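Note sheet for the following structure.
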Amino acid sequence: MLSGLASEIVLIDANQAKAEGEAMDLNHAVPLAQPGHVWAGKYADCAGAAITVVTAGSAQRPGETRLDLTTRNTEIFRQIIPQIAKHNPEGILLIATNPVDVLTYASQKFSGLSPRQVFGSGTILDTARFRYLLSQHFGVDARSVHAYIIGEHGDSEVPVWSLANIAGMHIPEFCAFNGYNCNDPELENIFERTRDAAYQIISRKGATYYAIGSGLLRIVEAVLRDQNTVLSISSLIEDYYGLNDVCFSLPTIIDRGGVERVLHLELDPTEIEGLRSSAEVLKSTIKSLHL
Ligand SMILES: NC(=O)c1ccc[n+]([C@@H]2O[C@H](COP(=O)([O-])OP(=O)(O)OC[C@H]3O[C@@H](n4cnc5c(N)ncnc54)[C@H](O)[C@@H]3O)[C@@H](O)[C@H]2O)c1
């Protein structure tokens, strides 16, 4: 609504009164933002939507891992995803509810839509956190830092240090040629701070809102404007370093049709091993769900 990207936004929630209240509150900002219409609807109102962003479900509680949420949220998805797909078979499904990788996989099964149409926000947020923390460390605009977190959006996620770069220079070269200390312990704990950021925020304010909202907006923009943007999102993985039939995040080209292509990365052996472990964690959870 603030960006003016969509002319119409329908809010659907099990708590209809909440959706109505949110729509009223949001509409009152329209004169101060961009023309648009926000309203509370039902699943039938998904018909014709370019994209449906699914955030319904239980939130992570303090101290709870994302995978703990799985069973509760899978049952919710079993109810709602077929209804969205029935009313909007041509639209894109963007999953944000956690555990996002498992629920993206479940949504593929429950919707019957093509893998191109169904994907999750994945590590778009973790990648943003990683870039932000690196940017703070080096005193560079975060938009000039290029680095990815891949794998699970969660505890087993993997930082791709070998490809991280600033001004086209890998981090060790950037340090060596520009007078930074690459052995600084603070640099080493940037990944831990990235991975554990959600726990840190949830313990302070109960949930995360703004960065994930911005990440979802960025994905929606790439779709609606057919931008071919490379974003780290979660989609169905086939034949990636021998990994198959699981959803996790990799840099992916996003266009009007959704997942255009998952990019192949030249990873180092530690990163490949990390990705394999991450895929194993996700696969064993998916298996336990008997989808
Ligand atoms: N992927 C990410 O990076 C990321 C980041 C932040 C939050 N999340 C996840 O997003 C989800 C939502 O978080 P939140 O803070 O907005 O939680 P919230 O509790 O504020 O909102 C969840 C909403 O889902 C609704 N809901 C519950 N069951 C439903 C059903 N069966 N049908 C329709 N609506 C239903 C609730 O009424 C509620 O309004 C959580 O799973 C959270 O972990 C993901």
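What separates the Cα centres of region 102-136 and region 18-64 is a distance of 19 Å. Roughly how far apart, in whole Å, are the Cα centres of region 70-85 and region 226-247? So the separation of the two Cα centres works out to 22 Å. Alpha-carbon geometry of the chain: the Rg and the Dmax are 19.2, 59 Å, given in that order.
Take the alpha carbon atoms of region 136-291, find their radius of gyration, then divide it by 2.2 N^0.38 Å using N residues; give the quotient. Could the numbers behind the result be given before it?
Numbers: Rg = 16.8 Å, N = 156, 2.2 N^0.38 = 15.0 Å.
Normalised Rg, Cα atoms only: 1.12.
Let me check I've understood the local charge: for LYS283, count other residues with C-beta under 11 angstrom from its C-beta, Lys and Arg +1, Asp and Glu -1. What total comes out? With Lys, Arg at +1 and Asp, Glu at -1, the net is -2. Please give the residues of region 80-106, grouped as numeric ranges, whose backbone N is less than 19 Å from a label point set 7 Å along the Cα-to-Cβ vector of SER3. Inside the label zone: 91-97.
When only C-alpha pairs under 8 Å and at least 6 residues apart count, what is the relative contact order of the chain, in percent?
17
Using heavy atoms of the protein chains and a probe of 1.4 Å, the accessible area assigned to LYS283 is about 70 Å².
Each principal axis of region 157-233 carries a Cα extent, and these read 41, 37, 19 Å when sorted largest first. Which Cys residues of the chain have no other Cys Cβ less than 4.7 Å away and so no disulfide-compatible partner by this rule? CYS46, CYS247 - these cysteines have no disulfide-compatible partner (Cβ-Cβ under 4.7 Å) in the chain.
Amide H contacts of ALA40: LEU11, each under 5 Å away and 5 or more positions distant or on a separate chain (H built 1.01 Å from N in the peptide plane; Pro and chain starts excluded). Surface analysis of region 215-291 yields an accessible area of 46 Å² per residue, using protein heavy atoms and a 1.4 Å probe.
For region 1-101, the solvent-accessible area of protein heavy atoms averages 53 Å² per residue (probe radius 1.4 Å; ligands and nucleic acids excluded). Surface composition of region 34-127: carbon and sulfur make up 54 percent of the accessible area, probe 1.4 Å.
Taking only protein heavy atoms into account and a 1.4 Å probe, give the accessible area per residue of region 149-209 in Å². Each step should come with its number before you reach the end.
On the way: 3190 Å² over 61 residues.
With all protein chains present, region 149-209 gives 52 Å² per residue.
The angle between the Cα long axis of helix 124-138 and the main principal axis of the chain comes to about 40°, on a 0 to 90 degree scale. At a Förster radius of 30 Å, what calculated FRET efficiency corresponds to the Cβ-Cβ distance of ASP184 and ASP68, to the nearest 0.05? Here the calculated transfer efficiency is 0.30.
The spread of Cα positions in region 6-117, taken along each principal axis and listed from longest to shortest, comes to 41, 36, 21 Å.
Within the chain, DSSP assigns beta bridges of which about 65% are antiparallel (rounded to the nearest 5). Which of the trypsin sites (Lys or Arg not before Pro) found in region 193-227 are in a DSSP loop and have at most 16 neighbouring Cβ atoms, other than their own, within 10 Å? Filter output for region 193-227: ARG225.
Within 10 Å, count the other beta carbons around each residue, average over each peptide in 267-280, 25-38, 91-104, and list them highest first.
Highest to lowest by the protection proxy: 91-104, 267-280, 25-38.
The values are calculated or read from the model by the stated rules, or taken from the named source; none is laboratory data. What you see is a predicted model; the values in this text were computed from it and never measured. Cβ sites come from the backbone with ideal geometry, for glycine too, and all protein chains shown count toward neighbours. All accessible areas refer to the heavy atoms of the entire protein, side chains included, with ligands and DNA or RNA removed. Shrake-Rupley method; radii C 1.70, N 1.55, O 1.52, S 1.80 Å.
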